[in-house]
Each structure stands twice: as structure tokens, then as C-alpha cells.
1. What translational diffusion coefficient, in µm²/s and rounded to a whole number, does the Stokes-Einstein relation yield for region 95-305 at 25 °C and a viscosity of 0.890 mPa s, taking the hydrodynamic radius as the Kirkwood radius over Cα pairs?
2. Report the label-to-label distance for residue 307 and residue 169 in nanometres (one decimal), using points 7 Å from each Cα along the Cα→Cβ vector.
3. What shape does region 312-456 have by the C-alpha gyration tensor, where a ≥ b ≥ c are the square roots of the eigenvalues, rounded means a/c under 1.5, and otherwise prolate means a/b greater than b/c and oblate the rest?
4. Please report how far the C-alpha centroid of region 138-180 lies from that of region 288-330, rounded to the nearest whole angstrom.
5. With runs of 4+ DSSP H residues as the only contributors, calculate the mean residue ellipticity of the chain at 222 nm using -39,500 (n - 2.57) per run, divided by the residue total and rounded to the nearest 500.
6. Roughly how compact is region 6-91, stated as its Cα Rg over 2.2 N^0.38 Å to two decimals?
7. Using only the Cα atoms of region 380-432, construct the convex hull and provide its projected area averaged over every direction, in square nanometres to one decimal.
8. For the chain, what is one quarter of the convex hull surface built on the Cα atoms, given in nm²?
């Protein structure tokens with residue numbers, strides 16, 4: 001790719017940092033703009049730095065630019081972005097990688113389950129062992145930094161967020177859309193914009209590419225799907241599909257050809273992760289891996305060996321008849337609802353254990369009504385924290401019968417809310433951190449929040 005004369009890297013986080021050496025090596029004049037002064041790299045002598053409180057004015061002084069790379073998380077419609085990108089191509093690191101990657105990319109997006117599905121897909125491809133596997137993207141590792149190590153015959157698996165997809169002009173060769181529910185509405189102007197960003201994972205696919213969705217895809221994507229030009233696999237937990245993967249009783253099935261015979265891949269008694277959502281994730285990963293050419297026996301072995309990903313319904317401890325589960329990844333209400341299902345809600349058809357929930361955090365302007373209705377009949381105690389704590393409490397009170405419903409504690413500081421939940425737990429209970437909210441009110445990310453929960457549980461149990 002020919003280097004444009006002048007490039008602005010707007011935001012210098014995990015995604016955008018590899019852009020500096022990439023373009024510097026190709027002779028471009030690079031400016032890095034970030035409000036954080038500590039991002040300056042003294043070794044990057046060729047770059048111009050615009051950092052600190054006045055980074056916008058500094059960056060404008062270095063312009064104009066031919067191309068502006070926007071970090072995920074900054075809305076493209078922000079006035080400062082529009083000023084800096086005037087007359088330039090506004091793009092992102094993900095679009096550059098998709099255009100430059102010599103190997104076909106398998107991309108996964110959705111409102112929930114992306115990391116689990118991407119990690120499982122990587123395990124399936126690695127178990128096959130027939131070619132090198134590269135896993136990255138929103139999962140925490142930019143693949144642009146390792147572009148030179150990727151060869152045309154390799155497998156590349158990428159987790160892709162709506163932020164990363166919003167500016168792409170190329171889609172992965174194999175794409176999966178897991179689900180769609182309200183999320184990140186503090187960033188996207190509305191659900192239509194959010195859905196449109198997700199749809200870009202398949203919008204630019206051609207006839208030789210393929211897409212995996214649920215057999216009943218989200219209605220907001222109907223228009224985009226009607227114009228899809230690639231092949232379309234579907235997955236279902238409830239009925240056979242024409243082409244793709246489905247659950248037949250206790251067996252995960254794969255139908256590679258429309259109208260053809262279905263092949264049993266693995267049984268549910270060999271699959272360790274709880275909940276219907278995780279079975280759905282497994283069917284999607286299975287479809288991507290098999291469609292990409294992995295051997296069925298390798299896919300089956302990976303399914304049996306997979307133990308999940310930290311902070312996603314992670315069993316932290318079990319002592320005194322009480323289970324302690326870390327689901328810090330639940331940054332939106334639908335994730336907490338999925339956790340309730342996985343831990344024996346009505347939808348799972350199991351008798352649920354009494355629940356002591358820690359919930360609340362940073363406000364992404366989401367609707368807590370459905371969660372309140374679920375908790376009113378499911379939780380014994382809800383310990384609340386953060387800016388959304390009062391909203392969750394109000395939703396529970398509105399749904400609970402007079403004099404009934406769970407005991408509400410707080411809102412409190414995070415540590416105090418967890419301690420209250422630990423103190424309220426009785427034998428037979430599940431103490432669950434599933435906040436239904438982002439972590440930015442008190443933590444850098446959901447991982448840090450989950451680690452703090454682990455530490456508080458360990459101290460409580462004397463470990």
C-alpha cells in the first residue's frame with residue numbers, strides 16, 4: 001500500500017500503537033495525537049507528537065493530513081474528530097489490517113460472546129494443526145504488529161467490536177455475527193448506528209466469502225442481510241438448519257451442504273461451559289472452523305478441551321456450599337440475563353440456586369427494565385454499586401410484588417458492595433459478579449474489576 005504524505009494517529013492505545021512503526025517504515029510523516037502525555041515514545045524520533053490537554057490544537061498545527069486513523073472508542077462524529085479529519089480519509093487500524101493481511105480473515109462480532117467464540121475458534125484451528133494460527137483484534141492484541149509473520153496459507157481469527165468495524169471498507173472472508181442487543185449507546189448515536197457498524201463485518205463480502213448468523217437474525221440487520229453477496233450459514237439451538245450447525249437433542253450437528261447429510265461433531269456432555277448462549281457460541285465457532293477447512297475431529301477435540309475465558313462465568317471458588325462466580329465481562333444487561341440463564345434460570349429448565357448478585361457500574365444509557373423483572377423473581381440479594389446502581393434498584397422495585405423481591409443493598413463503593421454480598425451469602429447460594437454495566441466508574445477495564453472481585457473473595461475465604 002502506497003504511503004500517503006501525512007498521517008494522523010488519533011489515540012495511541014493498543015489498537016493504534018502499531019500504526020506508528022508500520023507507516024514510519026514506509027516513509028510517511030506521522031503525527032500522534034493523544035490527551036495522555038505519557039504515550040510519547042522517545043525512540044520514535046520520526047514522529048510528531050501532539051499530547052496533553054491541548055492535543056487537538058497541536059495536531060491541527062501539524063496538519064492537514066491525508067489520512068486520519070481513529071482509535072476505537074472515539075465517536076467518528078465527535079466535533080474534534082471532524083476538525084482534525086477535514087479533507088482527509090477517516091479510517092482505522094482494522095481497515096488497514098484487513099486490506100494488508102495476506103491470509104483470509106475469520107472475523108467475529110456481536111453484542112456478547114465475542115471473546116469466548118474467538119478464543120474457541122483459535123483453539124479449534126490450533127488443534128487442527130495444519131497451518132499457523134493468528135488470533136487477535138478486540139481480544140487485546142493488534143495483529144498489525146505481526147503482519148510480516150502472517151503468510152497467505154495461515155489462519156487468522158479476529159474479534160471485532162462495533163468501534164473497530166465502524167470505519168472499515170473491507171469485510172473478513174469469513175464473518176460471524178453472534179447476536180445484537182443494546183450496547184455502547186454512549187458511543188453510538190442510536191441502535192441503528194450500532195447495528196450498522198456491526199453489519200460492516202459482512203457488508204463488503206463477495207460471492208466467495210461466507211457469513212454465519214443465527215437462524216433467526218436480528219430484525220435490525222434485515223436490510224443489510226438482503227444485500228449480502230456471500231454465502232450464508234446459520235446456527236440454531238432449536239431446529240435443523242439448511243446449511244450450518246444446529247443442536248439435535250444433545251448432539252452438535254454440522255450440515256455442510258444445503259439438503260445434504262448432517263454430521264455429528266460433539267455431544268453436550270463433553271462441553272464444559274454453562275448456558276444456552278455458550279452452546280450457541282460453540283456452534284458458531286464450529287461453523288467458522290469447519291467452513292474454513294478444519295478437520296471435524298480437531299473441532300470435536302477442541303470443544304471437549306475448552307475451559308472458557310477468564311471473567312466470563314468463571315468459577316472463582318466453591319467453599320461451604322457457596323459458589324463464587326466472576327462474570328465481570330457483563331457490561332450490559334443482556335450479558336447478566338445470559339448469566340442468569342446459564343446458572344439455572346427458567347429458560348435453562350433447571351432449578352436455580354439462590355442468587356446473591358453484585359451489579360452496577362458505569363452508565364452506558366441502557367434499559368434495565370428486563371433485568372429488573374428477571375431479578376425480581378430470581379435473586380435473593382442484590383448488592384449495588386456505581387452510577388447505574390440506583391437504576392437497577394428502581395427496575396427491581398418496579399417489577400417486584402409488594403413486600404417481595406430481593407433484598408437491595410447500596411449503592412456502595414465496589415469493595416463494600418462485594419463485601420456485603422459475601423456477608424449475605426448462605427450455603428447453597430451463588431455469589432455472582434455480573435454487573436450489567438461497564439467498569440469505567442471505578443476501574444480501567446472489566447478485567448481489573450474481575451481481578452478485584454477474585455481478590456476480595458480470596459480474602460473472605462482466607463485463601
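Coordinate-derived values only; no laboratory data. Since the model is a prediction, treat every value here as computed from it, not as a measurement. All Cβ positions, even for glycine, are placed from backbone atoms using ideal geometry, and neighbour counts span all protein chains on display.
1. Values: Rh = 17.0 Å.
Translational diffusion coefficient: 144 µm²/s.
2. 4.5
3. On the way: a/c = 1.35, a/b = 1.04, b/c = 1.29.
The shape class here is rounded.
4. 21
5. Working: 15 runs with 148 residues, N = 463.
Rounded to the nearest 500, the figure is -9500 deg cm²/dmol.
6. Values: Rg = 11.5 Å, N = 86, 2.2 N^0.38 = 12.0 Å.
Ratio of Cα Rg to 2.2 N^0.38 Å: 0.96.
7. Numbers: hull surface 15.0 nm².
Spelled out: convex hull of the Cα atoms, projected over all directions, averaged, 3.8 nm².
8. Values: hull surface 92.4 nm².
Its average projected convex-hull area is 23.1 nm².
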